[in-house]
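Here's the structure we're looking at; comments come further down.
The values are calculated or read from the model by the stated rules, or taken from the named source; none is laboratory data. Because the structure is predicted, anything quoted here is derived from the model rather than measured. So basically every Cβ, Gly included, is an ideal-geometry build from the backbone, and we count neighbours across all protein chains shown.
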Amino acid sequence: MIHNRTSSLAPFLAITQLHARRTLVARVDILSNIAFGVLLAYGLAFLWQALYRAEFVPPTVPIDRMVTYAILGSVVTTSLQTGIVYYANWRIRTGDIIFDILRPINWQVSLLGDFFGTVIAQFVAVALPVVAISAVFLDFRPPASTVAALVFGPSLILGALVSYSIVFLILLLAFRYTQVGGIESAMRGFRPLLTGALVPLWFLPGGVGTAMEQLPFPAIAFTPLSIYIGETEGADIWVALARQAGWAVVLLATGAYFARRGMHKLSIQGG
């Protein structure tokens, strides 16, 4: 039993490592993304400081925490953006998806390795340098507490799982409609707002904020970010983590179910 689990984990880790290396090789992209991330961090810091000074928004949290939240929200959103939908969609349209499905490793798990490899590389090569520069030159703060520092990482991982699960469900539409690039592009535009990375849920009107909290999207960014700055603390941290884990399990299971159905109805174009 242990041998089987180990042998099934090895291909997943190999895929994750492969895509992490492939992402890190693109040095020009990495440098340009760091430069963009730093400029975005400066812009967000200036924006929230201006909004606070003009009393355009209520000072729900101190300005240094809000700046920290905004910078983290931008780097988390950027790190979680990958091209797996476009790549896998192309393979479905051409029929090459058959070769992916016939591999020994489960297709959903294989794509998860692709996703996490890219995300880890982007986080290490881009997000960490942007955060380090922001900590020196901007009003960026460390985690609000020791508990927040310890829980932030696991919460980020759960958020990434939820993000992947939603991306995978979008991709599965390609089995029926063959082209989902437009849907993913639209989601990229709305994702910072839906996840709470752009505007924290506490700034939304009461009913809207409460309704948003029941959706899976805030589990991607709002939950780990609010833990980091100390807005979610105490017993609420464990409730938030349980909600993240619950959404991850439900969405992954839903994706696995519809993936099996989609493969049975696969229509190959051009061959």
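Some observations on this one:
- Scanning segment 49-82 for residues that are under 25 Å from the mean Cα position of the chain (by Cα), not polar (S, T, N, Q) and not in a helix (DSSP H, G or I) gives V61, L80.
- V180 being out of contact with any Lys or Arg (no Cβ under 6 Å at 6 or more places or on another chain) and closer than 29 Å to I98 by Cβ: yes
- Each residue in segment 102-124 was checked for being out of contact with any Asp or Glu (no Cβ under 9 Å at 6 or more places or on another chain) and assigned to a helix (DSSP H, G or I), and 15 of them qualify.
- Unique match (being closer than 13 Å to I227 by Cβ, surrounded by fewer than 21 Cβ atoms within 10 Å (Cβ to Cβ) and among the β-branched types (V, I, T)) among T178, T146: T146
- Those residues of segment 238-271 which are of a type in the set (S, T, N, Q), in contact with a helix residue (DSSP H, G or I) (Cβ under 7 Å, 6 or more places away or on another chain) and modelled with pLDDT under 80, in sequence order: Q269
- Subset of segment 186-239 that is assigned to a helix (DSSP H, G or I) and hydroxyl-bearing (S, T, Y) - its residue that is nearest to A144 (Cα to Cα): Y228
- Some residue of segment 159-174 being outside any helix (DSSP H, G or I) and surrounded by 21 or more Cβ atoms within 10 Å (Cβ to Cβ): no
- When L18 is tested against (1) under 30 Å from F137 (Cβ atoms); (2) modelled with pLDDT under 75; (3) exposed (fewer than 14 other Cβ atoms within 10 Å of the Cβ), just one condition goes unmet, and that condition is (1).
- Within segment 228-247, the residues that satisfy the criterion of being closer than 18 Å to T60 by Cα and touching a residue at least 40 places away in the same chain (Cβ under 8 Å) are Y228, I229, G230, E231, E233.
- Looking across V130, V126, V136, one residue alone is more than 23 Å from I237 (Cβ to Cβ) and loosely packed, with under 15 Cβ neighbours inside 10 Å. It is V136.
- Against the criterion of being buried (at least 19 other Cβ atoms within 10 Å of the Cβ), assigned to a helix (DSSP H, G or I) and modelled with pLDDT of 90 or more, V85 does not qualify.
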